[in-house]
1. Pick from Met254, Met61, Met99 the residue whose mean-square fluctuation is largest in a GNM of the chain, springs joining Cα atoms under 10 Å.
2. In the structure shown, do any of Lys83/Lys295; Lys83/Lys263; Lys83/Lys237; Lys185/Lys307 have a Cα-Cα gap over 29 Å, and if so which?
3. Relative contact order for region 24-134: what is it in percent, counting Cα pairs under 8 Å that are at least 6 residues apart?
4. Can you work out the PRE-style zone for Lys83? Point 7 Å along Cα to Cβ, and I want the residues of region 130-174 with backbone N under 16 Å.
5. Once both labels are modelled 7 Å past Cα along the beta-carbon direction, what's the Arg41-Ala166 spacing in nm?
6. Quote the convex hull volume per residue of region 150-219, based on C-alpha atoms, as a whole number of Å³.
7. For region 210-310, report the convex hull volume of the alpha-carbon atoms normalised per residue, in Å³, without decimals.
8. Sorted by mean Cβ packing within 10 Å, highest first, what order do the peptides 176-183, 101-108 take?
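Just so it is clear, none of the values below were taken in a lab; they were calculated from the coordinates. Treat the numbers as computed from the prediction; the structure is a model and nothing was measured. A quick note on method: Cβ atoms are made from the backbone with ideal geometry, for glycine too, and the neighbour counts reach across all protein chains shown.
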Amino acid sequence: MKAEQRISESSTLAPGALQALTQSEIDQRVFDLYDEYCHGRIDRRAFLQRAAVVAIGGLAMAQALLPRYARAQTISFTDERIKASYVTYPSPGGSSGTMRGYLVQPKGSGPFPVVLVIHENRGLNPYIEDVARRAAVEGFLALAPDGLFPVGGYPGNDDDGRTLQAGLDQGKLRTDMLNSAHYLKAHALSSGKLGVTGFCWGGSATNFLAVSLGADMKAGVPFYGAAPQTAAVPSIKAPMLIQYAENDQAIDGMWPAYEAALKAAGVPYEMHIYPGTQHGFHNNSTPRYDEAQAKLAWERTIAHFKKHLT
């Protein structure tokens, strides 16, 4: 059935039917508006209104893009291979002096190589918690910090989470991520070998930590994150696996200067652009998710960490 026909029939479909729309059935202009919405440049109302104008069936396409976190769970929080809990720890110089994170331990007594998993621009949502569990079942002690903890934590929906995160002092928020990395690296179950990955804002934060931690970080995997300042790149000592979406002009446009700086500094790196993908293609809670490319990107992520942390 053609996308236009499916959309025109949406008023007669069950409420969950819009979730069945696939990436290929959503107009690129709606994806572009969703990217603006996700990055806080327009609000939810403007996103839905503009989507309704730019494409036939655009409103239904926009509604289909809103996250459904029930589908994001791939590893149950009761999975016998892991043990998950929430922990608090000091964060001097951060938003409040204290941080909270989701700590997931693999089965066994350790020590384990450790991976910090950094959320997008809306706090620690269920998708990022699942990513931490995915890392743990691969043998890593994983910590997913919640940058919104000082203002009450992830509020249960992305709109409020995005607003809360935008309202934080961004320097203090990054300090909270830096302190989270130090906490995880020094954890009693840690082998002392730290890797960092993150998505969107978290990808940018991964690049920031690579600069800030220097040799204390042993591997980095930023997903579609803004590049660090060129002058700061020589401080990176960790081998970097850099993951980009093909349809992500704002982020991809930073790559030539970033690559030149990595080469000039002699930093080991590998970069992949995943064909046909949108910004956020790893997030399996919306149709931006590309199952095949997300699986490949995650396999490369785990291989990178196993190579450099174990």
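1. Of the options given, Met254 has the highest mean-square fluctuation.
2. Among Lys83/Lys295; Lys83/Lys263; Lys83/Lys237; Lys185/Lys307, the Cα-Cα distance tops 29 Å for Lys83/Lys263; Lys83/Lys237.
3. Reported relative contact order: 22 percent.
4. 136-137, 139-143
5. Those two pseudo-labels are separated by 1.2 nm.
6. On the way: hull volume 7.1 nm³, N = 70.
It comes to 101 Å³ per residue, whole-number rounded.
7. 96 Å³
8. Working: 176-183: 22.9, 101-108: 20.0.
Ranking the peptides 176-183, 101-108 by packing returns 176-183, 101-108.
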